[in-house]
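Presented below is the structure to which this report refers.
The values are calculated or read from the model by the stated rules, or taken from the named source; none is laboratory data. Keep in mind that what you see is a predicted model, and the values were worked out from it rather than measured. We place every Cβ from the backbone using ideal geometry, glycine too, and count neighbours over all the protein chains shown. The area values use the complete protein model at the heavy-atom level, side chains included, leaving out ligands, DNA and RNA. Shrake-Rupley method; radii C 1.70, N 1.55, O 1.52, S 1.80 Å.
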Amino acid sequence: MHDVLIIGAGPAGLSAALWCGELGLDTLVLEQNEEVGGQLLSVHNPIENYLGVRAVNGRELRDLFVEQTKDCDFDLWTNVEIASVDLKAKRVILRSGEELQSIAVIIATGLRRRKLGIPGEDEFVGRGMIESATRDRDQFAGNDVCVIGGGDAAAENALLLAEVCPTVTLVHRGKRLRARREFTEGLHTNHCITVFPESRVHRIIGNEHLEAVEIERAGAIKPFQMAVQGVIVRIGFEPNTELFRDQLEIDEQGYAIITSQQETSVKNVFAVGDVANPLSPTISSAAGTGATAARVIAARLGR
Ligand SMILES: Cc1cc2nc3c(=O)[nH]c(=O)nc-3n(C[C@H](O)[C@H](O)[C@H](O)COP(=O)(O)OP(=O)(O)OC[C@H]3O[C@@H](n4cnc5c(N)ncnc54)[C@H](O)[C@@H]3O)c2cc1C
């Protein structure tokens, strides 16, 4: 029996754990991955907006979080697969069969990149799918590439790739790009970049390596194949709430709905960080909301 079970060890979960430890709450953090850090592990650009620290990338900031929390008073289990959660009963059952019980639960499961769900998307990971233009650009220098998505992230990645790739084709579903003007202007003036609006990629094709995408364009009679050696998908994020969706109130996009104290619709179950759809999905908000939940729980338990 623990005071608090925290699900997820990104910035929000780690901040909540640090505060829970400091406030004398018996706390166990459950992380599905081998490593803690969440989205920080896929931030390849410098982080300059987290007060007090500058980091060359997310991993460096993550390492500082780990260093700071390693002597804190909480337990952390990584590589954990949760089979089911009963939020009302505050009971978590692991795939291993182990049953965990607590007085309060903090959901800190964050977001994941939305996928297209098309053939080839998973198959060519590491063989042509680009995880990050910042990180992988040099590897794709001289290659023709396709960027899928119409927002800021897609536009920014297209511009980065256009610095080293002869052709960059940006494919998006809408009539107009959703990216901010500084990016869209850059796209339209860059002679390496072609934008296909009202278009969809249906298939990613190849043998040993990625070789082409199949595209359907509005007005075209049938889909056509375009030879590319790299594809990057930037079509947004979605919250990791599948485990809890039928047990608490969520909004139409699947984010947990919370009170000003970070509490969900289930008493003593809190949601912190990006999974609770903060106005600013940032490391600062994640750290702050994690602290709030811990303090509310401690106050309720009289610590
Ligand atoms: C490319 C990129 C650049 C960014 N740049 C910045 C920046 O410059 N400044 C800034 O402030 N923010 C930045 N962000 C946003 C920032 O990384 C997030 O706001 C922050 O990581 C949110 O933290 P979180 O703990 O809420 O969620 P996450 O970081 O998503 O962590 C959630 C954790 O929960 C775990 N988890 C999920 N489901 C389960 C489960 N069922 N069981 C156990 N564990 C689970 C995940 O594995 C993960 O470790 C960036 C994000 C990206 C992707």
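What is the pair-distance distribution P(r) of the chain, computed from all Cα-Cα distances in 20 Å bins starting at 0, with each bin given as a whole percent?
Whole-percent P(r) values from 0 Å outward: 31, 50, 19, 0.
Hand me the GluC sites (Glu not before Pro) from the stretch 243-288 located in a DSSP loop with no more than 13 other Cβ atoms within 10 Å, in residue order please.
Details: sites: E249, E252, E263; in loops: E249, E252.
Here the sparse-neighbourhood loop sites are E249, E252.
What is the distance, in nm, between label points placed 7 Å from the Cα along the Cα-to-Cβ direction at R245 and at I221?
About 4.1 nm separates the two model spin labels.
According to the Kirkwood expression over distinct Cα-Cα pairs, how big is the hydrodynamic radius of the stretch 159-239, in Å? The partial results should precede the final answer.
Values: mean 1/r = 0.0723 Å⁻¹.
After inverting the mean inverse Cα-Cα distance, the result is 13.8 Å.
Under 1.5 on a/c is rounded, so check that first for the stretch 23-131, then, if it is not, pick prolate when a/b is larger than b/c and oblate when it is not; a ≥ b ≥ c are the square roots of the alpha carbon gyration tensor eigenvalues.
Numbers: a/c = 2.45, a/b = 1.20, b/c = 2.05.
It comes out oblate by the Cα gyration axes.
Which chymotrypsin sites (Phe, Trp or Tyr not before Pro) in the stretch 1-81 sit in a loop by DSSP (not H, G, I, E or B) and have at most 15 other Cβ atoms within 10 Å of their own Cβ?
Hits after loop and neighbour filter: nothing returned.
Out of the total accessible area of the stretch 90-193 (probe 1.4 Å, heavy atoms of protein only), what percent is carbon and sulfur? The partial results should precede the final answer.
Numbers: 2380 of 5310 Å².
Roughly 45 percent of what the probe reaches on the stretch 90-193 is carbon or sulfur.
So, for the chain, what is the accessible surface per residue at a probe of 1.4 Å, expressed in square angstrom?
Numbers: 15370 Å² over 303 residues.
That works out to 51 Å² for each residue.
Report the relative contact order of the stretch 182-303, percent, no decimals, based on alpha-carbon pairs under 8 angstrom and at least 6 residues apart. Can you show the working numbers first?
Working: 139 pairs, mean separation 14.5, N = 122.
After rounding, I find 12 percent.
For the chain, what number of Lys pairs, 8 or more residues apart or on separate chains, have alpha-carbon atoms under 27 Å from each other?
Numbers: K70/K90; K88/K267; K90/K267; K115/K175; K115/K222; K175/K222.
Value for the chain: 6.
Above 24 angstrom, tally the Cα pairs of the stretch 192-293 and express them as a % of all pairs, no decimals. Walk me through the numbers before you get to the answer.
On the way: 2530 of 5151 pairs.
Value for the stretch 192-293: 49 percent of Cα pairs lie more than 24 Å apart.
Can you list the residues, at least 5 places off or on another chain, whose amide H is less than 5 Å from the amide H of F196, using H built in the peptide plane?
Result for F196 returns L170, V171, H172.
Given the Cα atoms of the stretch 108-206, and with Rh set as the inverse mean 1/r over their pairs in the Kirkwood sense, what is Rg to Rh to two decimals? All intermediate terms of the calculation are to be shown ahead of the outcome.
On the way: Rg = 13.4 Å, Rh = 14.0 Å.
A ratio of 0.95.
If I model a spin label as a point 7 Å beyond the Cα along the Cα-Cβ vector, how far apart are those points for D122 and Q139 in nm?
2.0 nm
If I stretch the segment between S42 and E211 completely, what's the gain in nm (0.36 nm per residue apart, minus their alpha carbon distance), one decimal? Can you show the working numbers first?
Numbers: separation 169, 0.36 × 169 = 60.84 nm, distance 2.52 nm.
The S42-E211 span can extend by a further 58.3 nm.
Are there GluC sites (Glu not before Pro) in the stretch 48-145 that DSSP marks as loop and that have at most 10 other Cβ atoms within 10 Å, and which are they?
Working: sites: E48, E60, E67, E81, E98, E99, E121, E123, E131; in loops: E81, E98, E121, E123, E131.
Here the sparse-neighbourhood loop sites are E81.
Quick one: work out the % antiparallel among DSSP beta bridges in the chain, nearest 5. Don't skip to the answer; put the middle values down first.
Values: 25 of 54 bridges.
Once the DSSP bridges in the chain are tallied, antiparallel ones form about 45 percent.
Along the Cα→Cβ direction, 7 angstrom out, place labels at R112 and T189. What is the inter-label distance in nm?
4.0 nm
Pairwise over distinct Cα atoms, reciprocal of the mean inverse distance: report the Kirkwood radius of the stretch 252-303 in Å, one decimal place.
Values: mean 1/r = 0.0894 Å⁻¹.
After inverting the pairwise mean of 1/r, the radius is 11.2 Å.
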